[in-house]
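Notes to accompany the following structure.
The values are calculated or read from the model by the stated rules, or taken from the named source; none is laboratory data. Everything numeric in this text was worked out from a predicted model, so none of it was measured. So basically every Cβ, Gly included, is an ideal-geometry build from the backbone, and we count neighbours across all protein chains shown.
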Protein chains: 2
Amino acid sequence: MPTRATTAKPAPPAAPAAPSRQARRGHGRVTLQDVAAHAGVTAITVSRFLRDPAQVAEDTATRIRAALSSTGYVPNKQAGQLASGVSNMVALLVPNLANSIFAETAQGLSDGLQAAGFELLIASTGYSLEREEAQLRAVLGWFPAALVVTGRRHSPGTFKLMADAQAAGVPVVEIWDHEVTARRGGAKDAAAAVAAVVAADGTPPTTRAAAHAAATATRRSAGVRFTQIGFSHDDVGRAMAEHLLRAGHRRLAYVDSGVAEDYRAHERGLAFVNAAQAAGAKVTLVVAPGGEAFDAGRHVLGELLRAQPAITAAAFANDHLACGALLEANRRGVAVPGRMALLGFGDFAIARQLSPALSSVQLPRHAIGTEAARSLLSALKSGEPAESMALGWALVARESTAGG
Amino acid sequence: MPTRATTAKPAPPAAPAAPSRQARRGHGRVTLQDVAAHAGVTAITVSRFLRDPAQVAEDTATRIRAALSSTGYVPNKQAGQLASGVSNMVALLVPNLANSIFAETAQGLSDGLQAAGFELLIASTGYSLEREEAQLRAVLGWFPAALVVTGRRHSPGTFKLMADAQAAGVPVVEIWDHEVTARRGGAKDAAAAVAAVVAADGTPPTTRAAAHAAATATRRSAGVRFTQIGFSHDDVGRAMAEHLLRAGHRRLAYVDSGVAEDYRAHERGLAFVNAAQAAGAKVTLVVAPGGEAFDAGRHVLGELLRAQPAITAAAFANDHLACGALLEANRRGVAVPGRMALLGFGDFAIARQLSPALSSVQLPRHAIGTEAARSLLSALKSGEPAESMALGWALVARESTAGG
DNA sequence: TTGTAAGCGTTATCAA
DNA sequence: TTGATAACGCTTACAA
């Protein structure tokens, strides 16, 4: 009975002679060895065949094909990747998959990657920078071919991991954001935006603290730049204000979603406020209550009418809030845009279906994913760093903000 | 100069003496070896420390901790999994992530898995059984700890892969469906449902062919059962019909979404038709046009009013279609439910916001994910097969179907 | 065109 | 408590 001895030729593992069922070895799966035995060649030949059939003689190929299908071989990717050092996995970190915005982007990324044979490892961070760092750390253990993260604000630890990955030649792409290029003043830091939102609302201290932590912990790490595919939320916020100003409004409100670490929404809010004030208008920053977004929007509209009757136009952090407000206005018989103009963000499908149709900002939700895929694939191919890209958005003016 | 020779002790690879930066070896990353060298121990000790710090002496642990942070070590999961045969990855196959229904389930699964330290590999199949099989094959190369697929209809190849995986001890869970248990007749096969839908619409031959292929290619493989977490679409379809019948309607329509391989929608439609006919009512099966769902719903309402004026109630494959119809009815001044009762499926947030509020079927979107996670984690722990589970749904009666 | 040998970075096993 | 050694399943490099 051959115990583990130093024989020159180790006993062929568990006689892969059996008809078709698995040869039990290690963890009991069919390996390249098993297939090779079936085909009467060695493992390396099968390996070659799998990667490039042309490298193998035709009749050998035939036997290998037969062996492959009769054994039901599934290549072990851990082993392959370990040996070759080549990964075909892309890691994606998003705040929340249930949010249609990120889900569409994930689908876009998946679409763009699938043809190239890449797979998608997705982790969701729940809008928490802490969880983002933990997830990133976990995901990096797979040594993904590329890394896609959401936004440009991260914890210092996350920045370090991203910088290390990038230094190791892994394309790192930040999506859903694109830094403002040399603004002519006005655009403050996102930290200030967070602070502003916190100051304006009546949320309890814990939320305040969280927001403050977010604001201070997320400054860009020492000069390292990453590829960005998205748009400037600062630009959008300003455009939203300008749109309402152009329609003649002088008392405005910006309604933030109340998600402490959604700094992109805060940035839009701050830009909105700045632009409005620069134009001599009065602005109030409101934070929507938690819970279902439509209901929150309804509530906000009520509060605005009650507590700040001078306000004639409101912009929202997303279309669900705005639609809620619109529906509530309809219910109360409040004229839109006559008494109150409403402007959303996201241009969800429902926006143009309501009556009056909701003005909103159309976003490249799916394109962010496909463009990220394109950018990262070409970077992988060329070895050059991935290209940043500012994607287009459009403020779609509909009835809800029609000029007076 | 030591070339590759058979020295007893291979030269310590690329002197890991340097302060902190990576020791370049293999593919240039910090390995367990490097950390061990820093700490003055061997790799296996560091490995032990990582998995169970208690197994290591306190002062050794201290040195390892220091080495770990100074090197910025990231464990290589491919190597770990290859060596241990233990996976911490769960693979999820969904038709489309951009569909809020599946996105929420994915988020639920992610939520349920995260605490247990599992990661999520997501692939989207675009409602194509062919792509599902390809994706499954790709994903299996990672030897995931568990497999979550959508629905109970798959290609024969997919079934085989699923059965093999299950036989190898990998929990396989089918979500968003739950087979009817011993029905008292009436419920035909999904293949028939597909055929019925195809027969009722005016789609071009190619779509017809696809649907037919789907219908014939997706019968369950020889008796193998998989864990199912979801609900019976047959039950839901019947309940939808009964709800409308109870309100006194005798001329009904079921509006299918027109996605050929969405057999679950077809099943609901068939059950709806059967139940209505069994009650002596007249039913028409309509297939919505492609394109944006709200617009499709609007269009369908117009057609119904024009071509089938006797119909007084319509049920839809999803809330977006139904909402479109509802909004179109409002626009035309058509009374809902007076002239036409409308019933949706999915109970999206918008349903109860509209006026009249849309009756719909509330689904355990997020729960399907969390329950799948629970079931599969406990299966992984106990070694028993994962438990199936019929999750609750509820037909929420609102104004749009209020009885006459 | 095919094969041999070595090694990828980790963990299981057994020994000290 | 720590270490030596041999896998895990595959691919690279080189040889035949």
Within segment B:29-44, track down each residue that is more than 9 Å from DNA strand C (Cβ to nearest atom) and within 14 Å of another protein chain (Cβ to nearest Cβ). none
If you go through segment B:90-101 one residue at a time, do you hit one that is over 12 Å from the mean Cα position of the chain (by Cα), away from DNA strand C (no atom under 16 Å from the Cβ) and either aliphatic (A, V, I, L, M) or in a loop (DSSP other than H, G, I, E, B) (or both)? yes
Which of the residues spanning segment A:50-76 are within 13 Å of DNA strand C (Cβ to nearest atom), surrounded by 17 or more Cβ atoms within 10 Å (Cβ to Cβ) and outside any helix (DSSP H, G or I)? A:V56, A:N76
What number goes with the only condition from (1) over 21 Å from A:E104 (Cβ atoms); (2) assigned to a helix (DSSP H, G or I); (3) at the interface with chain A (Cβ under 10 Å from one of its Cβ atoms) that B:W142 does not pass? (2)
Pair list, Cβ < 6 Å and 6+ apart or interchain, from segment A:151-164 residues that are within 10 Å of A:R137 (Cα to Cα) to residues that are of a type in the set (D, E) and modelled with pLDDT of 95 or more: A:G157/A:E133; A:T158/A:E132; A:T158/A:E133
Residue check: is A:G302 assigned to a helix (DSSP H, G or I) and in contact (Cβ under 8 Å) with a residue 40 or more places away in the chain? no
If you take the residues in segment A:77-88 that are buried (at least 20 other Cβ atoms within 10 Å of the Cβ) and more than 11 Å from DNA strand C (Cβ to nearest atom), which one is farthest from A:F118 (Cα to Cα)? A:K77
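Conditions (1) out of contact with any His (no Cβ under 8 Å at 6 or more places or on another chain); (2) facing chain A (nearest Cβ under 10 Å), marked per residue:
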residue	(1), (2)
B:V46	yes, no
B:F49	yes, no
B:D52	yes, no
B:E58	yes, no
B:A66	no, no
B:G72	yes, yes
B:A79	yes, yes
B:L93	yes, no
B:E104	no, yes
Has segment B:124-134 got at least one residue that is within 13 Å of chain A (Cβ to nearest Cβ) and in contact (Cβ under 8 Å) with a residue 40 or more places away in the chain? yes
A:A335 vs (1) among the hydrophobic types (A, V, I, L, M, F, W, C); (2) outside any helix (DSSP H, G or I); (3) over 25 Å from A:R246 (Cβ atoms): all pass except (3)
